[in-house]
Amino acid sequence: MTAPVLEKPVTEPSAPLVEESPARPAVTPARRRFLQGAWVVSLLAALVLGFVGYLFTLSHVQERHYQSSAYKTFKDQLARAVAPTGSADDGDPVALLDIPAIGLHQTVVVEGTTGRDLMRGPGHRRDTALPGQGGVAVVFGRGATFGAPFAELSKLRVGDRIEATTGQGKYTYTVNVYGDGDHPITDPARNRLVLVTGDSDWIPGSTVMIGARLEGDPDQNPGGRPVTVAYDKALAADKGALATLQLWSLGLLGAVVGALLLARYWRPSAVYLSLAPVVGALIWAVYENAAALLPNLY
């Protein structure tokens with residue numbers, strides 16, 4: 001007899017263990033609205049912080065760039081004896097200003113005192129005499145943004161010298177009197193210079209004025225200067241920039257929306273890199289027009 005053969009029990013192959021990933025919780029409509037709102041708030045906060053950065057850093061670079069270009073232009077005009085001595089176009093260089101006591105050297109003074117004019121440097125009020133001419137010459141300057149050329153104006157003391165160069169020559173003024181928005185300068189001297197800036201390095205509420213008398217005889221004042229407009233006054237905002245700001249803002253919004261839509265169909269990194277210069281230029285234009293709505297002496 002042969003021994004019975006014990007058959008091994010047949011076992012089915014065990015299925016490989018697969019870890020089930022936990023199901024992602026569904027995004028509720030309330031959560032989706034919260035995330036969208038947080039994204040919008042973050043974007044607005046970034047734009048506001050960017051505007052602050054523009055005012056206190058990039059605006060200075062912008063002003064220095066214009067000053068460098070305007071200085072070369074004006075020195076060439078002086079050399080060819082064609083520098084303006086009467087009325088000039090807004091933003092054109094009309095004088096050079098030196099105030100050693102506050103570290104101001106060969107600063108270009110432009111024609112006009114609107115917010116946009118003062119983005120380029122100190123501005124000559126269009127209805128007054130040019131420095132060195134008979135009469136009162138008035139020059140505005142910013143105290144915090146766009147180079148802040150008059151940030152240290154209140155540190156001037158009686159006896160400090162101010163030198164101005166125009167197409168008619170070089171002139172020296174001596175500081176002799178102070179004033180402000182509530183107490184305007186009163187000086188019987190006919191030929192003098194008045195420098196004006198804001199009373200604060202934050203949003204100014206009034207003005208600081210420095211008066212100086214011309215040393216020696218003045219040159220001829222051709223007169224016939226245009227009258228001022230509302231935007232020329234101290235602490236005035238350029239309300240005309242509001243419409244332009246709205247247009248640039250719409251352009252920026254359109255560029256951002258366009259980039260997001262294109263990123264759905266093409267490689268996102270390529271889309272963002274291609275449109276970054278466009279968006280950057282639009283943001284700059286928005287910031288510049290928004291700055292024009294601030295007080296012109298800021």
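The values are calculated or read from the model by the stated rules, or taken from the named source; none is laboratory data. Small disclaimer: the values here were computed from a predicted structure and weren't measured. Every residue, glycine as well, gets a Cβ built from its backbone with ideal geometry; the counts of neighbours run over all protein chains shown.
Below, the figures for the structure above:
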quantity	calculated
Answer from P122, P84, P93 - the residue that is in contact (Cβ under 8 Å) with a residue 12 or more places away in the chain, over 22 Å from L293 (Cα atoms) and touching a Gly at 6+ places or on another chain (Cβ under 7 Å)	P84
Pairs, first within 21 Å of L195 (Cβ to Cβ) in the range 224-237, second at pLDDT 85 or above and not in a loop (DSSP other than H, G, I, E, B), C-beta under 6 Å, six or more apart	A234/V196; A234/T207
Residue check, D201 over 15 Å from the mean Cα position of the chain (by Cα) and under 30 Å from A95 (Cβ atoms)	no
From the options A137, A83, A95, A129, residue that is surrounded by 15 or more Cβ atoms within 10 Å (Cβ to Cβ), more than 25 Å from the chain's Cα centre (by Cα) and assigned to a strand (DSSP E or B)	A137
Some residue of the range 191-207 being assigned to a loop (DSSP other than H, G, I, E, B), acidic (D, E) and closer than 30 Å to F51 by Cα	yes
Breaking point among (1) in contact with a Ser or Thr (Cβ under 7 Å, 6 or more places away or on another chain); (2) outside any loop (DSSP other than H, G, I, E, B); (3) not β-branched (V, I, T), for D238	(2)
Criterion (more than 20 Å from L47 (Cα to Cα) and either assigned to a helix (DSSP H, G or I) or among the small types (G, A, S) (or both)) met by exactly one of V286, V278, V257, V271	V271
Any hit, the range 217-228, residues being assigned to a helix (DSSP H, G or I), in contact with a Leu (Cβ under 9 Å, 6 or more places away or on another chain) and of a type outside the set (D, E)	no
Flag for A144 being modelled with pLDDT of 95 or more and outside any strand (DSSP E or B)	yes
